[in-house]
Structures are given as C-alpha cells and as structure tokens.
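Working notes, beginning with the structure itself.
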Amino acid sequence: MSVLQAILLGAVQGVTEFFPVSSSGHLTLVSNLMGIEGNISFMFTIMLHIGTLLAVVAVFYKDILRLLTELVRMAADLAANLKLRFSGRGNPDEIRYRKIISNNYRKFVLLLVVSMIPTGIIGYLICPLSEAVTGNLLASGMGLLVTALLLLVASFVLGSDKGPKEAKYTDALLIGAFQGFAAFPGISRLGMTVSSSYLSGFSRKFVLKYAFILSVPTIVGAMILEGRRASFSMGNNVGVLPCIIAMITAAVVGFLVIRLAMHLINKKRSRLFAGYCILIGIISAVCYLK
C-alpha cells in the first residue's frame, strides 16, 4: 500500500465514521476501486480505529473526563454502601447510604454502560458472519440499504426534549442493540445510534452527544475484538508508515468532521443521508456484479 492510498483511506475513515453513512461500506468500496481489497490487514484497520478514537476524545475530552470521574466516584460510593451494609454496626434502618445516581453525568454513565451490554452481545454473535463477508461489496451494499431504511424511519418521528434525566434504561438497551448490528459491513454505527436515539425520543443535543461518546467504548471493543483475530503482523502489503499515516489522517479529518457533523446531523437531514446511503449501496452492488 502506498502512502497516498493510506492517506485516502484514512480520510475516508475520518469522514464516514462520523456521518451516518457507514465507514466500513465506504472503505470496502474505495479499496476495491483502488485494487487493494485484499491488502488491508487487521492492524491497518485497528490503526484507523485508533485515529477515529483520538478524534472523539479530542472533541469531547471535557465530557469524557467528567464521565470517568463520576464513574470512579460511583464505584467509591457503591463500595462505601456495601461496607455499611455488611459491617453489622448500628441499626440497619438508621444507616444513611450514599446516593449513587446523584446527577445527570452519573445517569449518563449508567446509560452508556447499559447500552454496551447488548452491543457487546450482538456484536459478538454476528462477528463470524461479519468476518465472513468483510470486503464483500454486495454485503456492504445491503448494509448501507439497511442504514438508509432506519434513517428514513427516524426522520419521521416526532421531536422530543428527553435528556439524560428523563432517559430510561430501556432506551439505552434499545440503542445498544441497534448499535450491535453495526458490526455487519455497511451498517453505520452512527446511523444506528442516532436513529435509535431519535426513536427513543432523545433531544437533538443529547442524541449527538450520546452517539459520539458511546463510540469511544465501542471503538475500543472493536479494536480488542479485531486484535484477538489478528496476529498483529503488518503483513507484506501494509507497512508501518502507511498505518501511522492513515491513523493520523483519520484523527485529523475525524476531528474536523465531528465539528461539522454536530451542525448537520438532525432528523430532517437524515433523509439526505438515507438517500446517499441508497446511492452508495446501489453502486456497491453494481460493482460486485461486474
């Protein structure tokens, strides 16, 4: 793989990961068009994931730090409550336990944790199928059409002002379940989370923050899963330099695209993204049939 090809693929990853149009579907199509469909190693894919992960952290670092801080405090409060419960001191009815969910950030943390449960289960179950069709243009095209369908459905849902305080844990389960299916090529992770968040009645501001921050543990999970399948060998066709360049490109482009996506992604424009997914899905299917 040349440096120019690595830059192009990194840019494609950075753009399409943060719009609801499927990064995997575009990478499959672009790599096939460049004639390198068999040359993208697992390590190269992992480096692309690292790039997009860095982009999300760079944009939302304040929220992420606050969420991590609250997670540690929640664990400390839970440990203190358990110690009180089993210490055997005093009257059990007079013991004053610490409140675990005491603010919106703590509720946000728990919602994210709940979402990751169905994501991990479904992603793991469909992993063999996903691995079998990775790089297949027809499968990617079908995944893009699924993404388009869900985006269209979500675009007709009535608006709501539901934030973390009003959100239910069943909403988090639904969003996590939809995200789990994004392990299939062509199905957009962001498209799944944004659409299911709108279907759950989340406000636009909370939809975007939830979808982007939820991508952090999801990307880390994908890296671990793909790392287990890989030998961590760069292979004969992808060297160290192209991997690093692709990662940097994905991070820089992704950082800029997240800023733009925060202004462009809403239910009304979901129909435009759906139309785009249909177009790219058809192109992928046609290229497969040639």
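The values are calculated or read from the model by the stated rules, or taken from the named source; none is laboratory data. All values reported here derive from a predicted model rather than from experimental measurement. Glycine gets a Cβ as well: all are built from the backbone with ideal geometry, and neighbour counts include every protein chain shown. What goes into the accessible areas is simple: the full protein's heavy atoms, side chains included, and nothing from ligands, DNA or RNA. Shrake-Rupley method; radii C 1.70, N 1.55, O 1.52, S 1.80 Å.
Key figures for this structure:
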| read-out | value |
| --- | --- |
| Cross-link reach list, lysines versus residue 99, counting only Cα pairs under 21 Å and skipping chain neighbours closer than eight places | 83, 107, 165, 168 |
| The chain: angle of helix 42-59 to the longest principal axis, Cα-based, in degrees nearest 10 | 50 |
| Angle between the chain longest axis and helix 267-289 axis [Cα atoms, degrees, rounded to 10] | 40 |
| Around residue 24: net Lys/Arg minus Asp/Glu count, Cβ-Cβ under 10 Å | 0 |
| Charge context of residue 161, other residues only, Cβ under 11 angstrom, K/R +1, D/E -1 | +3 |
| In order through the range 81-87: 3J(HN,Hα) via Karplus (6.51 cos²θ - 1.76 cosθ + 1.60), integer Hz, x for Gly, Pro | 5, 5, 5, 5, 5, 9, 6 |
| For the chain: rounded, prolate or oblate by the Cα gyration tensor [a/c cutoff 1.5] | prolate |
| Spin-label pair residue 126/residue 289, simplified geometry with 7 Å Cα→Cβ offset, distance in nm | 2.4 |
| Placed amide H near residue 162: partners under 5 Å, 5+ positions off or other chain | 203 |
| C-alpha long axis of helix 137-155 to longest principal axis of the chain, angle in ° | 50 |
| Potential extension, residue 8-residue 61 segment - 0.36 nm per residue separation minus Cα distance | 16.4 nm |
| Assigned charges on the beta-carbon of Lys, Arg, Asp, Glu; the chain dipole about Cα centre (debye) | 980 |
| Cα lying deepest toward the dipole's positive end in the range 91-191, options 127, 105, 183, charges on Cβ | 105 |
| Heavy-atom surface of the chain, accessible at 1.4 Å and reported per residue (Å²) | 49 |
| Shape of the range 105-188, Cα gyration tensor, a/c cut at 1.5 | oblate |
| Rounded Å value of the spacing that divides the Cα centres of the range 1-71 and the range 240-272 | 8 |
